[in-house]
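Comments concern the structure below.
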Amino acid sequence: MNISEIKDLMSQFDSSSLREFSYNNNGEALVFSKNESVAAVPPAAVTEAATPIAAVSTPAPQAAEAPAPLVEEPTVAAAEGDVVESPLVGVAYLASAPDKPAFVSVGDQVKKGQTLLIIEAMKVMNEVPAPKDGVVTEILVTNEEVVEFGKGLVRIK
């Protein structure tokens, strides 16, 4: 794909109502997003020709201060069970409508095939079924969160 095709795609994406767009072809990948999230850049993507940032010097403190003790967060036991991953990119909804109760909650007993949540992709509501019988030990997404393919949604034990 050449630069003019990429610019054309960017222009079309910018003028569309899409929030995210991704394209993969033979190892080439493009991802456009209008969502306001901070994306981590993998170290391999950083080029060595980066412009150096000027360092601002601050005067050293006169008296050496003892470092503040680190406050340890209480360790939370990791939830047990298998993670149900997102089968597609879209918006996760935990209930069928804003005024309806959630499909499942932590501690709920679920049966294989029972709807755990729905993912909207291109105006299509896709139900995500439970892959097995079990108990929901953790819900890993929030309502209306944009999820990627393979992102953990729910943990079932």
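The values are calculated or read from the model by the stated rules, or taken from the named source; none is laboratory data. Please read these numbers as outputs of a predicted model, since none were measured by experiment. Neighbour counts are summed over all protein chains in view; Cβ atoms, including those assigned to glycine, are modelled from backbone coordinates with ideal geometry.
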Does V106 satisfy being outside the structural domain of Y23 (by TED's automatic domain parsing) and part of a loop (DSSP other than H, G, I, E, B)? yes
Condition set part of a loop (DSSP other than H, G, I, E, B) and among the acidic types (D, E), scope segment 109-146, selection nearest to K34 (Cα to Cα): answer is E144
Within segment 93-108, tally of residues that are surrounded by 12 or more Cβ atoms within 10 Å (Cβ to Cβ) and farther than 17 Å from N35 by Cβ: 8
When M1 is evaluated against the numbered criteria (1) at pLDDT below 75; (2) loosely packed, with under 10 Cβ neighbours inside 10 Å, which criterion, by number, is the only one it fails? (2)
Residue hits (segment 1-35; part of a loop (DSSP other than H, G, I, E, B) and either without any contact (Cβ under 8 Å) to a residue 40 or more places away in the chain or of a type in the set (G, A, S) (or both)) are M1, N2, S16, S17, L18, N26, G27, K34
